[in-house]
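The values are calculated or read from the model by the stated rules, or taken from the named source; none is laboratory data. No experiment lies behind these values; they were computed from the predicted model shown. All Cβ positions, glycine included, derive from the backbone under ideal geometry; neighbour counts span all protein chains shown. We work out accessible area using only protein heavy atoms, side chains counted, and drop any ligands, DNA or RNA first. Shrake-Rupley method; radii C 1.70, N 1.55, O 1.52, S 1.80 Å.
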Amino acid sequence: MKKKEDNIIGAKTVAFALRIIRCYKYLGEKKKEYVMAKQLLRCGTSIGANVREAMFAQSHPDFISKMGIALKEAEETDYWLFLLKDAQYIDEKIYNSLQTDIIEIIKLLVAIIKSSKEEGLKA
């Protein structure tokens, strides 16, 4: 049986969530930053959870809605990463690496939502 992470967005969001978990641990242990770190953990891991939920959507509109929530969580993650960088809790190297990943995920989600909406119009 194939896992849901076998698709590109599933695999990328799981890998990203694991990176966010490591960043959360770093922020707590090394920087003693807990509030923004917790926000980052919540939204950064929620992206993949919503993508996985979308795979089991009850309908086409439900799929689009779940992917839309994943996109919102990705945008929020981008926001917290920006704040953590500007507040000097994470350096440019960490920020740029995570930023590259989140922008790729955002682009994928936008493309999935757009094509799913177009498919819905054809049906």
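Give the residue that is farthest from Ala74 (Cα to Cα), with candidates limited to residues of the stretch 15-46 that are open to solvent by 60 Å² or more (accessible area, probe 1.4 Å) and aliphatic (A, V, I, L, M). Spell out how you get there, then give the answer.
Our first condition is that a residue be open to solvent by 60 Å² or more (accessible area, probe 1.4 Å); within the stretch 15-46, this holds for 18-19, 21-22, 24-26, 29-32, 34-35, 38, 42.
Adding the requirement that they be aliphatic (A, V, I, L, M) leaves 18, 21, 35.
Details: Leu18: 14, Ile21: 15, Val35: 18 Å.
Only one residue fits best here, namely Val35.
If I go through the stretch 54-94 residue by residue, how many of them are more than 17 Å from Ile105 (Cα to Cα) and without any contact (Cβ under 8 Å) to a residue 24 or more places away in the chain?
The total comes to 11.
Can you name every residue in the stretch 95-123 that is without any contact (Cβ under 8 Å) to a residue 60 or more places away in the chain and within 18 Å of Val51 (Cβ to Cβ)?
Correct list: Ile103, Ile106, Lys107, Val110, Ala111, Ile113, Lys114, Ser115, Ser116, Lys117, Glu119.
Of all residues in the stretch 54-67, which are in a helix (DSSP H, G or I) and surrounded by fewer than 18 Cβ atoms within 10 Å (Cβ to Cβ)? Please lay out each step first, then the result.
First pass over the stretch 54-67, keeping only residues in a helix (DSSP H, G or I): 54-55, 60-67.
Scanning the stretch 54-67 gives Met55, His60, Pro61, Asp62, Ser65.
Mind listing just one residue for me: the one in the stretch 16-53 that is part of a loop (DSSP other than H, G, I, E, B) and touching a helix residue (DSSP H, G or I) at 6+ places or on another chain (Cβ under 9 Å) and, of those, farthest from Asn96 (Cα to Cα)?
Tyr34
Might you check whether a residue that is touching an Asp or Glu at 6+ places or on another chain (Cβ under 8 Å) and open to solvent by 60 Å² or more (accessible area, probe 1.4 Å) occurs anywhere in the stretch 105-119?
no
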